[in-house]
Amino acid sequence: MSRIAARFAQLRAEGRAGLVTYLTCGDPDRATFEKVLARLPKAGADLIEIGMPFSDPMADGPAIQAAGLRALKAGMTLAKTLDVLRRFRKADRDTPVILMGYYNPIYRYGVPRFLKDAKAAGCDGLIIVDLPPEHDDELCLPARAAGIDFVRLATPTSDDQRLPVILNNAGGFLYYVAIAGITGTKSARADVVAAAVARLRRHTGLPIAVGFGIRTPAQAADVARVADAAVVGSALVEKVAKNLDKRGKSKAALVPAVLKDVTALARGVRTARARHPARAAQ
């Protein structure tokens with residue numbers, strides 16, 4: 001059983017949803033990022049998404065775009081991202097890690113080499129936002145053959161005809177993008193998310209994680225009542241940015257500030273169904 005499947009099985013056994021956190025690798029610098037990453041599981045992250053910095057992140061809003069530029073300026077590369085994951089895996093063998101980003105850096109690295117190195121580093125899944133199902137032979141199928149889940153994105157515009165195409169070859173979980181647009185700009189209503197998740201469950205048995213627009217523990221709790229996981233990214237990336245000095249360097253408060261927010265989000269997720277058992281996910 002993969003780490004992703006094992007974690008969602010554990011969450012089901014505990015009767016709760018999970019918290020998925022996203023941060024950009026190397027933001028604002030490698031040492032600070034590694035300090036945060038190492039502490040995320042204890043703070044309450046059930047799964048971790050690590051952003052692979054890219055100079056043209058078309059699906060991301062200003063916060064994550066700025067994080068990527070900070071990381072690139074600090075010298076982060078795809079090879080160094082894999083090394084960061086490798087170092088994390090030496091201390092944590094259980095927490096699922098998904099690498100999220102764009103195809104261009106992987107293509108330039110070389111797909112066979114990337115998959116070999118990513119698997120050896122401890123990568124469990126990939127979310128590549130600019131590779132549609134029509135191009136599965138580029139990366140999705142080779143990733144599956146290498147034992148790495150290829151996590152698909154569904155959006156509010158993914159209709160019942162498109163969903164089977166999206167779900168073909170999907171693995172790990174289905175990531176539902178709750179809003180149409182870029183990250184970090186707005187939030188979806190809880191009732192709209194609930195209806196969307198119910199529709200998605202008619203199409204797949206994969207766990208469903210909901211992201212984009214989740215910023216507070218209360219919003220994370222709303223998602224946790226109907227989905228299998230809540231994904232929080234932009235709010236945590238913004239917390240990093242708020243704890244930089246005028247030179248763009250990390251303040252001493254950065255690491256504890258980010259982890260404090262993760263703990264609060266995790267508390268909201270973990271208590272959501274207990275407070276509203278009648279609305280718990282099926």
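Hey, for a label at residue 274 modelled as a point 7 Å past Cα toward Cβ, could you say which residues of the stretch 218-245 have their backbone N under 11 Å away?
No residue passes the distance filter.
Using only helices, what value at 222 nm comes out for the chain when you add -39,500 (n - 2.57) per DSSP H run of length 4 or more and divide by the total residues, to the nearest 500 deg cm²/dmol?
Numbers: 12 runs with 132 residues, N = 282.
-14000 deg cm²/dmol, from helical runs alone.
Taking the Cα atoms of the stretch 3-279, what is the range of coordinates along each of the three principal axes, in descending order and whole Å?
Extents along the principal axes: 48, 41, 34 Å.
What FRET efficiency would be calculated for the residue pair residue 136, residue 31, taking the C-beta separation as r and a Förster radius of 51 Å, to the nearest 0.05? Could you put the intermediate results ahead of the total?
On the way: r = 37 Å, r/R0 = 0.73.
After rounding to 0.05, the efficiency reads 0.85.
Taking 7 Å along the Cα-to-C-beta vector as the label spot, tell me the residue 116-residue 162 distance in nanometres, rounded to one decimal.
Here the modelled spin labels are 3.7 nm apart.
Straight distance only, please: which aspartates and glutamates reach the Cα of residue 242 with their own Cα at less than 16 Å, same-chain residues fewer than 8 apart left out?
27, 29, 261
For the stretch 98-167 and the stretch 50-81, what is the separation of their Cα centres, given in Å?
18
Summing Lys, Arg as +1 and Asp, Glu as -1, what charge do residues with Cβ under 12 Å from the Cβ of residue 70 carry, residue 70 excluded? Write down the numbers at each step before the final one.
Working: positive: 30, 73, 247, 249; negative: 27, 29.
Local charge sum for residue 70: +2.
Quick one: Karplus J couplings for the stretch 260-266, per residue in order, coefficients 6.51, -1.76, 1.60, θ = phi - 60°, nearest Hz, x for Gly and Pro?
Calculated HN-Hα couplings, in order: 4, 5, 4, 4, 5, 5, 4 Hz.
When the convex hull of the C-alpha atoms of the stretch 90-201 is computed, what volume per residue in Å³ does it have?
Working: hull volume 14.4 nm³, N = 112.
Cα convex hull per residue, to the nearest whole number: 129 Å³.
Say the cut-off is 31 Å between C-alpha atoms; which of 116/260; 42/251; 116/246; 116/251 go over it? Provide the component values of the computation, followed by the final result.
On the way: 116/260 35 Å; 42/251 22 Å; 116/246 40 Å; 116/251 36 Å.
Among 116/260; 42/251; 116/246; 116/251, the Cα-Cα distance tops 31 Å for 116/260; 116/246; 116/251.
For the stretch 1-118, what is Rg from Cα atoms divided by 2.2 N^0.38 Å, rounded to two decimals? Spell out each step's value before the answer.
Values: Rg = 14.6 Å, N = 118, 2.2 N^0.38 = 13.5 Å.
Compactness ratio reported: 1.08.
Every number in this text was worked out from the coordinates using simple rules, so none of it is lab data. These figures come from a predicted structure and were not determined experimentally. All Cβ positions, glycine included, derive from the backbone under ideal geometry; neighbour counts span all protein chains shown.
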